[in-house]
Amino acid sequence: MSQNDRFLADRKLGRVLVTGAGGFLGAAMTNTLRAQGVDVLATDIGLVSRQRTDIAHCEVTDSEQVDAVVRQGKFDTILHCGAVSGPMVMPDRPLDIWRINVGGTAAVLEAARRHSVGRVIICSTSEVYGKLSGPVDEATPIATHTVYGASKVAGEQVMLGYVKEHGVDAIALRLSWIYGPGRQTPTTLEQLVRAAHSGQRFAVLTPTDAYTHYLHITDAVEGLLRAAKTRAPQSRIINITAGRGLEMSEVARFVMELHPDMVVTCAPPHPEARGISELRNHLAATEIGFIAKTPLEVGVRQLFHHFSTSSENQQ
């Protein structure tokens, strides 16, 4: 069977559980699946699950609760998006980051093991590579320097244990910097695009030659779908990224093109701290048929238009 034929011979998603469905990626994932007619149970916690009838309550750190949801749901696929989504979230609560990202992942995997779920997708992060420089791929030794990054590494290792010791079919995706309409946590890119509406001057603390690794939300969703549908990928840890990094100066140029009076200044070049030049995605392309489709220039314009036509620009 050729590579292309293998991608066409997809496994069926069946009934799908999406955790963290009130979050940025989880919400986009849920909306996409429902639009495709997939049978989905969306779960989350807090106000999201109390105020919305289309999202059920499930605390991923409560293993008994997770087990009950999976047992009753009889799921074929789990997309585990219910986690702390970045180092900027809960920075003063490291133990909670660990409990959610490691304990929650273990609870989901254990429920999948107990109730014979066909495929589990774990959302990991490119942050596991830390402050390395040059190109990296999945074989590069990890070098994380944060509790958040360490929690994602631990989640990957828990997953590999369930794969190797208990036969759970699971894949961890190292997603890079997801952006796009609907993101709630603040990012430099979002602040830049908002500032472009008024054409105001904006100073970025990032060095002008530092590499960035933005991934549009639609590409992130497509990466999860590809990983969930591919019948038999060989690798269990896969980068989902846009590939080559863009210097901060390129990002600033895209934003300045949005408004004739917009001026973006970056910190001076810092050649010793440019970061990772390329998050290589060869495995994603060859094993699950994923290639990011939205160039940053296009995604930035889409985000600008979104803020222009929504109440979010007033926030």
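Annotations
- Within the range 14-64, if we keep just the residues that are basic (Lys, Arg) and assigned to a helix (DSSP H, G or I), the residue that is most open to solvent (accessible area, probe 1.4 Å) turns out to be 50.
- Just one of the listed residues (96, 92) is surrounded by fewer than 17 Cβ atoms within 10 Å (Cβ to Cβ) and assigned to a loop (DSSP other than H, G, I, E, B), and it is 92.
Yes/no matrix, rows are residues, columns are (1) under 15 Å from residue 238 (Cα atoms); (2) out of contact with any helix residue (DSSP H, G or I) (no Cβ under 6 Å at 6 or more places or on another chain); (3) free of Cβ contacts under 8 Å to residues at least 60 places away in the same chain:
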position	(1), (2), (3)
137	yes, yes, no
162	no, no, yes
170	yes, no, no
191	no, yes, yes
195	no, yes, no
209	no, yes, no
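- Verdict on residue 88 being aliphatic (A, V, I, L, M), touching a Pro at 6+ places or on another chain (Cβ under 8 Å) and closer than 22 Å to residue 182 by Cα: yes
- The condition (being of a type outside the set (S, T, N, Q), more than 17 Å from the chain's Cα centre (by Cα) and surrounded by 24 or more Cβ atoms within 10 Å (Cβ to Cβ)) is satisfied by just one residue among 112, 172: 112.
- Answer residue from the range 226-240, given it is crowded, with 22+ Cβ neighbours inside 10 Å and hydrophobic (A, V, I, L, M, F, W, C) and is nearest to residue 13 (Cα to Cα) among those: 228
- Residue within the range 51-64 that is of a type outside the set (Ser, Thr, Tyr), free of Cβ contacts under 8 Å to residues at least 12 places away in the same chain and closer than 27 Å to residue 154 by Cβ present: yes
The values are calculated or read from the model by the stated rules, or taken from the named source; none is laboratory data. Treat the numbers as computed from the prediction; the structure is a model and nothing was measured. Cβ coordinates were reconstructed from backbone atoms using ideal geometry, including for glycine residues, and neighbour counts include every protein chain displayed. Accessible surface areas use protein heavy atoms only, side chains included; no ligands, DNA or RNA. Shrake-Rupley method; radii C 1.70, N 1.55, O 1.52, S 1.80 Å.
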